[in-house]
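What follows draws every value from the coordinates through simple rules; no lab data is involved. Keep in mind the model is a prediction, meaning the values are calculated, not measured. As a convention, Cβ positions derive from the backbone with ideal geometry for all residues, glycine included, and neighbour counts pool all protein chains shown.
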Amino acid sequence: MFVDKTLVCRGCGQEFIFTAGEQQFYQLKGLLNEPGRCPTCRAARKAARASAGLDELEPRRREMHPTICAECGAQTLVPFLPRGDKPVYCSPCFDRVRAMSR
């Protein structure tokens, strides 16, 4: 069903083989796009991301922003920049408001 394909790496410009087995694996995982980088460039990119702390296995640290809870008035930290047009809640109040809306 699958046949080996020759692709061009967008990282180094070299040709590489996208094997029938790799194509089958991509299909089984539901991946729709062919790889854009050769295995060497993929490994190098993964290593660079890991050393920069962007590896999927290590969660990215979120910048937290101080705000006041719209429900109880307590100071809290949220992982987004409050815009002022919508209420922002601390975790306990958020859970309570969300439970009441169901």
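Looking at region 1-92, the trypsin sites (Lys or Arg not before Pro) that sit in a DSSP loop and have at most 14 other Cβ atoms within 10 Å of their own Cβ are Arg10, Lys29, Arg60, Arg61, Arg62, Arg83. Taking a point 7 Å from the Cα of Arg45 along the Cα-to-Cβ direction, the residues of region 1-17 with backbone N closer than 16 Å to it are 7-17.
Overall shape: prolate for the chain, with the ratio a/c of the largest to smallest alpha carbon gyration tensor axis at 1.5 or above and a/b above b/c. Across all Cα atoms of region 5-51, the radius of gyration (one decimal) and Dmax (whole number) stand at 11.3, 32 Å. For Arg62 and Gln27, the difference between the fully extended length at 0.36 nm per residue and the C-alpha to C-alpha distance is 9.3 nm. Taking loop as defined by DSSP and a crowding limit of 15 other beta carbons within 10 Å, which chymotrypsin sites (Phe, Trp or Tyr not before Pro) in region 9-102 fit? Counting only loop positions with at most 15 other Cβ atoms within 10 Å, the chymotrypsin sites (Phe, Trp or Tyr not before Pro) in region 9-102 are Phe80.
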